[in-house]
1. Over chain B, what per residue volume does the convex hull of the Cα atoms give, in whole Å³?
2. I'd like to compare B:179-190, A:37-48: which one has the highest average count of other Cβ atoms within 10 Å, and what's the full order after that?
3. Order these by the 10 Å Cβ neighbour count, fewest first: A:82, B:203.
4. Could you line up B:346, B:72 from fewest to most neighbouring Cβ atoms inside 10 Å?
5. Return the calculated 222 nm mean residue ellipticity for chain B, to the nearest 500 deg cm²/dmol, obtained by summing -39500 (n - 2.57) across DSSP H runs with n ≥ 4 and dividing by the residue count.
6. Using the number of other C-beta atoms within 10 angstrom as an exposure proxy, rank A:25, B:361 with the fewest first.
7. Given 10 °C and 1.306 mPa s, how large is the Stokes-Einstein diffusion coefficient of segment B:86-233 in µm²/s, with Rh as the Kirkwood radius over Cα pairs?
8. Per residue of B:271-280, how many C-beta atoms from partner chains lie within 10 Å of its own C-beta, taken as a mean?
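None of the figures in this text is laboratory data; all of them are computed from the coordinates on show. From a predicted model like this one, the values you see are computed outputs, not experimental measurements. Neighbour counts are summed over all protein chains in view; Cβ atoms, including those assigned to glycine, are modelled from backbone coordinates with ideal geometry.
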């Protein structure tokens with residue numbers, strides 16, 4: 001079972017530069033070579049300062065959060081940092 | 001209103017540094033008996049622009065409205081962004097107090113100019129929707145006035161009636177919505193206020209140099225931050241940018257708070273709405289009041305750009321959409337139009353429809369059925385009169401046990417089981433369940449430091465500091481969304497403080513923000529205590545503690561001791 005990824009807003013253009021419409025881009029990625037969120041970003045040449053919210057299975061997460069087969073990962077671009085972020089702590093893994 | 005007299009009084013010296021929520025809550029606390037009937041002769045409605053409102057300070061066109069709430073039974077401050085606020089401030093009116101109660105069934109209009117205020121008969125607009133009424137009022141009083149109004153729901157003293165203001169297009173779409181203050185205004189016999197700023201002297205600025213320096217710093221911060229800058233998140237997508245985010249967090253309530261996530265939410269997201277507005281020829285971005293840098297507002301229309309509604313905010317899209325399992329922006333748009341036309345708070349209307357659907361008055365997902373419920377209010381039928389009293393009364397009448405309220409007020413668009421910190425704010429704010437009560441400058445600025453896990457129930461300190469900071473910001477006239485920029489860019493907060501000093505001729509420092517906020521909250525909490533509130537009122541409904549919220553399957557497990565430690 002692959003990792004299910006959702007990119008929102010302008011982040012979608014990192015995968016499909018000519019993407020139309022406004023729905024999130026959803027796609028599966030092979031977990032080979034993907035251990036953490038940062039690996040997903042690297043795969044699509046996304047810099048840390050280009051993103052803001054990361055959710056792994058609904059948990060607010062950071063770049064070192066580990067991902068595995070079957071996980072659902074949602075990532076939002078920096079200009080969508082509208083959130084009560086003060087109520088959240090990013091989950092990270094060692 | 002008892003004798004239909006209006007008069008100007010000099011602002012008492014000890015009120016001189018007050019504005020917005022600071023002004024309304026101080027006056028309500030001093031002048032309204034806490035145990036009075038909210039719809040009786042002793043309650044008052046107080047309007048107050050913020051301290052910098054009406055000046056060139058960016059994103060500051062806010063007005064606060066206060067009184068004792070018929071929905072919560074406690075003190076209430078609701079605020080809105082509108083040029084009405086700026087016009088009132090430029091007339092140098094620090095506060096407007098509506099008091100007394102007109103005997104009989106007549107309704108009146110109050111026109112305010114630099115020379116005075118006078119009443120006129122408003123009976124010809126009774127029973128009419130606010131969209132057509134606003135057109136007629138602007139035709140009669142000129143395009144440059146500001147208009148405040150209460151709608152049909154207030155005529156039946158519905159506790160979910162808001163106080164309406166105009167947007168720049170003259171649409172009745174900007175609301176000081178929460179807490180039923182519209183019913184209080186209507187109970188006195190007042191239907192409209194016309195604010196005419198012709199030859200207004202403008203806001204007095206004690207120190208222009210300090211003021212200009214302050215607003216420059218704030219403008220720079222707003223233009224620099226990715227959330228608040230032109231083409232930033234709020235500017236591009238509006239507040240509904242939160243739909244997808246909160247849904248992914250598992251905290252977007254669906255089907256009357258029975259789930260925290262649903263794939264269909266993406267159909268009603270800010271991104272989809274922005275694209276649709278562009279296709280239709282609506283307006284986005286758009287400002288709610290002149291001088292806003294952020295411009296998160298919009299004008300939603302029917303297909304083809306016809307019949308503008310005004311803004312569809314995140315809370316409205318959620319309340320009238322996901323909460324009722326309606327994942328259709330056109331249906332949501334028409335429900336929002338009905339709310340604006342009837343004078344309803346969209347959040348309370350949405351949570352009321354949610355429990356009404358739970359109780360069998362309509363089916364979940366049925367937009368037309370929901371509109372029929374709105375028509376019951378328009379026709380003032382017995383069912384409509386029950387619905388107009390809001391979520392809690394409607395739920396009880398229908399035998400519903402999942403009633404999402406605190407202190408009688410419907411929950412906003414964040415499920416407290418998934419985002420527990422906001423549940424603490426819902427429970428403890430003196431306003432009743434209110435998301436804006438804890439939406440402000442970050443705890444880091446308040447000296448708390450660190451962040452907290454959304455599902456870690458130790459939230460008292462975070463909630464307290466957010467509430468304190470929000471109360472202070474609500475007094476300034478600045479929009480809460482400035483908080484995004486001033487959180488990350490410290491010179492922005494300095495700019496806000498300097499702009500306040502410029503207007504007031506004061507010497508406030510950043511640390512004073514917390515002191516001001518605490519003073520406001522203390523006044524409000526003390527009023528509620530006199531009104532009979534105890535710690536037992538700072539509790540969330542049982543289902544929030546008992547029913548697991550899919551998909552996280554969390555419950556709200558913050559202890560009573562933790563809640564009681566907030567204040």
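1. Hull volume over Cα atoms, normalised by residue count, gives 126 Å³.
2. Top to bottom by mean Cβ count within 10 Å: B:179-190, A:37-48.
3. If I rank by nearby Cβ atoms, fewest first, I get B:203, A:82.
4. Ranked by crowding around the Cβ, least crowded first: B:346, B:72.
5. Rounded to the nearest 500, it is -11500 deg cm²/dmol.
6. Sorted ascending by nearby Cβ count, the order is A:25, B:361.
7. Value of D from the Cα-based Kirkwood radius: 92 µm²/s.
8. 2
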